[in-house]
1. Kindly indicate whether any position in region 1-18 is touching a strand residue (DSSP E or B) at 6+ places or on another chain (Cβ under 6 Å) and free of Cβ contacts under 8 Å to residues at least 60 places away in the same chain.
2. Please verify whether residue 29 is touching a helix residue (DSSP H, G or I) at 6+ places or on another chain (Cβ under 6 Å) and assigned to a helix (DSSP H, G or I), treating the condition exactly as stated.
3. Could you please let me know if residue 53 is part of a loop (DSSP other than H, G, I, E, B), in contact with a strand residue (DSSP E or B) (Cβ under 8 Å, 6 or more places away or on another chain) and either under 21 Å from residue 95 (Cα atoms) or outside the structural domain of residue 71 (by TED's automatic domain parsing) (or both)?
4. Restricting attention to region 69-82, which residues are touching a residue at least 12 places away in the same chain (Cβ under 8 Å) and either part of a helix (DSSP H, G or I) or more than 12 Å from the chain's Cα centre (by Cα) (or both)?
5. Hey, any hits in region 50-64 for a residue that's surrounded by 14 or more Cβ atoms within 10 Å (Cβ to Cβ) and within 26 Å of residue 15 (Cα to Cα)?
6. Which one of the conditions (1) more than 26 Å from residue 134 (Cβ to Cβ); (2) assigned to a helix (DSSP H, G or I) does residue 85 fail to meet, given that it meets all the rest?
7. Go through region 91-131 and give me each residue that's over 14 Å from residue 77 (Cβ atoms), part of a loop (DSSP other than H, G, I, E, B) and in contact (Cβ under 8 Å) with a residue 12 or more places away in the chain.
């Protein structure tokens, strides 16, 4: 249960340590800015931003049942983060597959992108879309429901 939060917690702890050192050396403004930057990194890498990932096989099975798109992503990808943020609440209705944790997901992303692990890749009804905008994904989601 704690494992998905480890990276976020490390960002918070490191940011706090560095900010404490800067504040004690007489730079409280720089400490505050640095702490905010580390907190932002922790938030972006937390499970709050990305819904819990499932395996590619399970995501494909669920998509076949409910028709919802599967999104292949990886941590740290700015395009994935941007898509997730722009999708807002509707992101939780999609099936997310972390290609760094799931070899089958990485293989599916490569199959959809001519051998490249380009993310985000959205697959619905056998058709793939590489780095689509949020409106396109919402449109695909609305068709599936």
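1. no
2. For residue 29, the condition - touching a helix residue (DSSP H, G or I) at 6+ places or on another chain (Cβ under 6 Å) and assigned to a helix (DSSP H, G or I) - is not met.
3. Yes.
4. Selection gives 69, 70, 79, 80, 81.
5. Yes, there is a match, as at least one residue in region 50-64 is surrounded by 14 or more Cβ atoms within 10 Å (Cβ to Cβ) and within 26 Å of residue 15 (Cα to Cα).
6. (1)
7. 94, 102, 125, listed by residue number.
The values are calculated or read from the model by the stated rules, or taken from the named source; none is laboratory data. This one's a predicted model, so the numbers in the text were calculated from it and none came from an experiment. Ideal geometry is used to build each Cβ from the backbone, glycine not excepted, and the neighbour counts take in all protein chains shown.
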